Amino acid sequence: MMRCILSWIGLFLLSISFLCFVLLAPPVRPVAQPRRAVHGKNEPVVVVLDPGHGGKDSGAICGAVMEKELTLDVAMRAELLLRSAGYTTLLTRDSDRYLSLAERAAVGNHERNSLFVSIHFNDGERAAASGVETYFAVRQSAMSPGIFAWLPFLRPAESKPLLAKSESLARFLQAALVERTRAVNRGIKSEQFYVIANVRHPAALVEGGFITNPSDLTKLATAEYRQQIASAISDGVERYREVLSPNEPTLAWAAPAE
Ligand SMILES: [Zn+2]
């Protein structure tokens with residue numbers, strides 16, 4: 001009888017110790033997988049090209065030349081070059097159709113990681129005005145306005161690096177434009193153009209020449225010159241991506257030699 005009681009007590013203690021072992025054992029932690037570092041141009045990015053105007057909105061017009069046709073032509077040429085360089089690209093429009101500025105910005109914002117290049121041509125009040133210039137926005141909507149309304153303190157932290165990236169993108173595009181076209185360098189400028197100010201990714205707006213300048217217009221009428229502008233956009237994007245490293249955000253400030 002005593003032996004029976006002892007064996008039951010033994011079995012009971014064995015069960016308790018087994019339960020303690022199971023319950024108190026440290027949880028098995030998943031082994032952390034080393035994350036594959038993706039740097040610079042190898043980080044997946046969608047290059048959004050935005051041919052300005054379209055459809056009922058012709059943009060600047062001089063004689064038979066319409067800005068909306070030049071912008072689409074250059075954007076399609078730039079897309080081919082960027083694709084052959086291995087980039088994923090998106091056009092906000094690929095035909096002569098009207099798109100609102102909000103619809104254009106939405107194309108860029110729909111992507112998790114994109115950069116946005118809007119393509120335009122200038123018209124000047126003076127026919128003498130000539131050359132190329134690139135714009136960036138000093139204030140961009142880094143997050144949706146609704147979130148800022150609730151958490152306004154987020155805005156400066158989010159906007160500063162984005163501004164640096166957009167300015168850097170504009171600088172590289174402008175340097176490539178001048179290098180490729182040898183046009184008058186009107187520099188980079190900041191302006192709150194809706195289409196770049198409302199993109200939540202690095203964004204710049206290129207003005208590839210003056211439709212109202214006889215010399216610029218003669219050049220813009222040739223496919224060869226439009227190809228040079230497209231090559232400059234592709235070069236500028238590639239150089240910007242080359243210096244951009246997620247671990248060293250300050251590199252985005254890097255400026256090309258002028
Ligand atoms: Zn325009």
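Numbers at a glance
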| quantity | calculated |
| --- | --- |
| All aspartates and glutamates inside 18 Å of residue 219 as judged from Cα atoms, apart from same-chain residues fewer than 8 positions distant | 67, 69, 73, 123, 133, 179, 207 |
| All-pairs alpha carbon distance profile, the stretch 42-253, 10 Å steps from 0, percent | 9, 37, 37, 14, 3, 0 |
| By accessible area with a 1.4 Å probe, ligands and nucleic acids excluded, highest first: order of 103, 238 | 103, 238 |
| Solvent accessible area, Å² - residue 222, 1.4 Å probe, full protein context | 60 |
| Nearest-10 value in Å² for the accessible area of residue 88, using the 1.4 Å probe | 80 |
| Residue 193 accessible area, assembled protein chains, probe 1.4 Å, Å² | 70 |
| Residue among 118, 231, 213 farthest towards the positive dipole end of the stretch 42-253, charges placed on Cβ | 118 |
| Heavy-atom SASA rank of 93, 112, 139 (probe 1.4 Å, accessible area, largest first) | 112, 139, 93 |
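The values are calculated or read from the model by the stated rules, or taken from the named source; none is laboratory data. What you see is a predicted model, and the numbers here were worked out from it, not measured in a lab. Positions of Cβ are generated from backbone atoms using ideal geometry, with glycine treated the same way; all protein chains shown enter the neighbour counts. Calculation scope for accessible area: heavy atoms of the full protein, side chains included, ligands and nucleic acids excluded. Shrake-Rupley method; radii C 1.70, N 1.55, O 1.52, S 1.80 Å.
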